[in-house]
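Visitor: Before we start, here is the structure in question, set down as structure tokens.
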Amino acid sequence: MSAQATANARAVILYDPSGAPIRKVGGGGLGVTLVRSSDGLEAGLTVAGDGAAAQSTLNLPTLAFQEAFVGGGWDMVRLANVVKNVAAVAITAATPVTVWTPAAGKKWRVLGFALSTTVAGSIIFKDSGTERFRTPLLVANTPFACPPNMGNFLISAAANNTLQLDLTVTGNVSGFIFGTEE
Amino acid sequence: MAQVQITGATAEGDRVTVAGTVDGKEVIVQCWKSHLDSLANKAAKVAYVAGLLKDRAQPAAPAAIDLAATVTV
């Protein structure tokens, strides 16, 4: 290990599956090995007996989270696990209709959608009454899918806010919205 | 009944990180400040956060599935 790497080293506390810290006991050696391979990051826990004669290697469970840069820092990458069906929902222009009510204390996060409207115009996404974004002007009865690679996209401004749809011209909206509650 | 103790909380924007212990075991949870603000009083806020800590430390056990049977294959 280089001198610089040694200077940057940080202590690591290991926990067993029950949450109890793993600590070295007795005179045996305890070591953790992280190896980068073609299969990713492998981890191993090495326990050496007194005198280092007996040595065993255990699998070490590890957790990893994908993160992505969001301008001012890093954010966990989301995976949609909530789908809201929008089945021919009748909407009067400028009268938003709730399509997603998150569980108590939670926020909705829209990760994507595919929608159509029976009349030409824009579909407006509202956050408990406040417009957050709208689709381009759509052709009637023509599906519009959210562009790919929108990342974590959009989270509601406050917990317990509802996601509402509105229209610029009265009509019916169909399709689906997907995302997470967090 | 679990013994829950809240040991600290910090806020970054709307995101609140709460540290505590449940029966002596350290637990960290996150919630929204906007939700805490919507609760009526401190007792309600504490009860909500304590519930989060307890749920994190003691997740509900999955329902048992009875597969005991005698089969001939």
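The values are calculated or read from the model by the stated rules, or taken from the named source; none is laboratory data. Since this is a predicted model, take the numbers as computed values, not measurements. Quick reminder, even Gly has a Cβ in these numbers, built from the backbone with ideal geometry, and neighbours come from all protein chains shown. Accessible surface areas use protein heavy atoms only, side chains included; no ligands, DNA or RNA. Shrake-Rupley method; radii C 1.70, N 1.55, O 1.52, S 1.80 Å.
Visitor: So, in the range A:137-146, of the ones that are open to solvent by 60 Å² or more (accessible area, probe 1.4 Å) and out of contact with any Ser or Thr (no Cβ under 7 Å at 6 or more places or on another chain), which residue ends up farthest from the other protein chains (Cβ to nearest Cβ)?
Guide: A:VAL139
Visitor: For the structure I just gave you, tell me whether A:ARG109 is within 27 Å of A:GLY73 (Cα to Cα), in a strand (DSSP E or B), of a type outside the set (Val, Ile, Thr) and within 14 Å of chain B (Cβ to nearest Cβ). Full working, then the answer.
Guide: Working: within 27 Å of A:GLY73 (Cα to Cα): yes; in a strand (DSSP E or B): yes; of a type outside the set (Val, Ile, Thr): yes; within 14 Å of chain B (Cβ to nearest Cβ): yes.
Yes, satisfied.
Visitor: I need the full set of residues from the range B:22-52 which are open to solvent by less than 30 Å² (accessible area, probe 1.4 Å) and more than 14 Å from A:GLY105 (Cα to Cα), in order please.
Guide: Once the filter is applied, which keeps residues that are open to solvent by less than 30 Å² (accessible area, probe 1.4 Å) and more than 14 Å from A:GLY105 (Cα to Cα), the range B:22-52 yields B:VAL22, B:VAL27.
Visitor: Right, something else. Restricting attention to the range A:147-182, which residues are in a loop (DSSP other than H, G, I, E, B) and open to solvent by less than 20 Å² (accessible area, probe 1.4 Å)?
Guide: Here is the first cut: in the range A:147-182, the residues in a loop (DSSP other than H, G, I, E, B) are A:147-153, A:156-162, A:168-170, A:182.
The answer is A:SER156, A:ALA159.
Visitor: Within the range B:1-58, how many residues are assigned to a helix (DSSP H, G or I), under 18 Å from A:ALA158 (Cβ atoms) and among the charged types (D, E, K, R)? I'd like the intermediate steps shown before the answer.
Guide: Residues of the range B:1-58 assigned to a helix (DSSP H, G or I): B:33-38, B:42-57.
Those left that are additionally under 18 Å from A:ALA158 (Cβ atoms): B:33-38, B:44-45, B:48-49, B:52.
Now drop any that are not among the charged types (D, E, K, R), which leaves B:33, B:37, B:45.
Qualifying residue count for the region: 3.
Visitor: Here's another thing I want to ask about it. For A:VAL99, indicate whether it is surrounded by 16 or more Cβ atoms within 10 Å (Cβ to Cβ) and within 23 Å of the chain's Cα centre (by Cα). Can you show your working first?
Guide: On the way: surrounded by 16 or more Cβ atoms within 10 Å (Cβ to Cβ): yes; within 23 Å of the chain's Cα centre (by Cα): yes.
Here the answer is yes, as A:VAL99 does meet what is asked.
Visitor: Is there a residue being closer than 26 Å to A:GLY71 by Cα and touching a residue at least 60 places away in the same chain (Cβ under 8 Å) anywhere in the range A:134-148?
Guide: no
Visitor: So the check is Cβ under 6 Å with 6+ separation or different chains; which pairs have a first residue in the range B:5-17 that's away from every other protein chain (no Cβ under 11 Å) and a second one that's of a type in the set (Gly, Ala, Ser)?
Guide: Short answer, once both residue conditions are applied: B:GLN5/B:GLY20; B:ILE6/B:GLY20; B:THR7/B:ALA19; B:THR7/B:GLY20; B:GLY8/B:ALA19.
Visitor: Moving on to the next point. Closer than 24 Å to B:ASP37 by Cα, away from chain B (no Cβ under 14 Å) and buried (at least 17 other Cβ atoms within 10 Å of the Cβ): does that describe A:LYS126? Even if it seems obvious, please write down each step before you answer.
Guide: Numbers: closer than 24 Å to B:ASP37 by Cα: yes; away from chain B (no Cβ under 14 Å): yes; buried (at least 17 other Cβ atoms within 10 Å of the Cβ): yes.
Yes: the conditions hold for A:LYS126.
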